[in-house]
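Presented below is the structure to which this report refers.
The values are calculated or read from the model by the stated rules, or taken from the named source; none is laboratory data. Just so we're clear, the structure is a prediction, and the values are computed from it rather than from any experiment. Positions of Cβ are generated from backbone atoms using ideal geometry, with glycine treated the same way; all protein chains shown enter the neighbour counts.
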């Protein structure tokens, strides 16, 4: 019974391709996030959603488009992939935005070649 | 805007020793969190600190919060190899959870 699940776990693709990462949480949380972890392990917030509504977009290129069909799902679509997009992408959820701990998915390691 | 700074970023220590990781944050934070990440794994929540003076302990780890100094600490007592991991502190504010850069802790047997 995984609380926050992401698919796929690994994604290797060529520059210029379009790819999606899916995320689902079964915790009943209202808030979901996407974080990017670079090769130095720095975690940077990309997006926050609350009840399917985009709340925060942290100056992420518009090639990244999150979509939340319902509050249990937050998918990330990336167009025209670039080498610099290679990273681990984590989905997370929390009960309240910023005010309660976030629970993380297992991460998606994206490698752009 | 909330900024979270941890130090040290790298720490190599002997088993059995005590050490402290420091986390400073730049402005009022609603909450302070500590997470652990093992290599190639996800982040695991360790502690949530809600108010000034809060102290929480789990095994050899103890976290505390001083909101006046805008400082949280993670103290490791009598370190064991199994505690080797990257530890992140994070602050919650303005609908976000902002992470520090993490402290890579390596405990030598």
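Observations, loosely collected:
- Within the span defined as region A:57-66, every residue fails to be under 28 Å from residue B:9 (Cα atoms), modelled with pLDDT under 95, facing chain B (nearest Cβ under 10 Å) and assigned to a strand (DSSP E or B).
- Just one of the listed residues (A:74, A:110) is part of a strand (DSSP E or B), over 11 Å from the mean Cα position of the chain (by Cα) and away from chain B (no Cβ under 11 Å), and it is A:110.
- Some residue of region B:51-61 being at pLDDT 95 or above, surrounded by 16 or more Cβ atoms within 10 Å (Cβ to Cβ) and more than 14 Å from chain A (Cβ to nearest Cβ): yes
- Boolean, residue A:48 is farther than 14 Å from residue A:93 by Cα and in a strand (DSSP E or B): no
- Flag if residue B:40 is in contact (Cβ under 8 Å) with a residue 12 or more places away in the chain and either at the interface with another protein chain (Cβ under 9 Å from one of its Cβ atoms) or buried (at least 18 other Cβ atoms within 10 Å of the Cβ) (or both): no
- When region B:59-109 is filtered for residues that are free of Cβ contacts under 8 Å to residues at least 24 places away in the same chain, assigned to a strand (DSSP E or B) and out of contact with any strand residue (DSSP E or B) (no Cβ under 7 Å at 6 or more places or on another chain), only B:66 remains.
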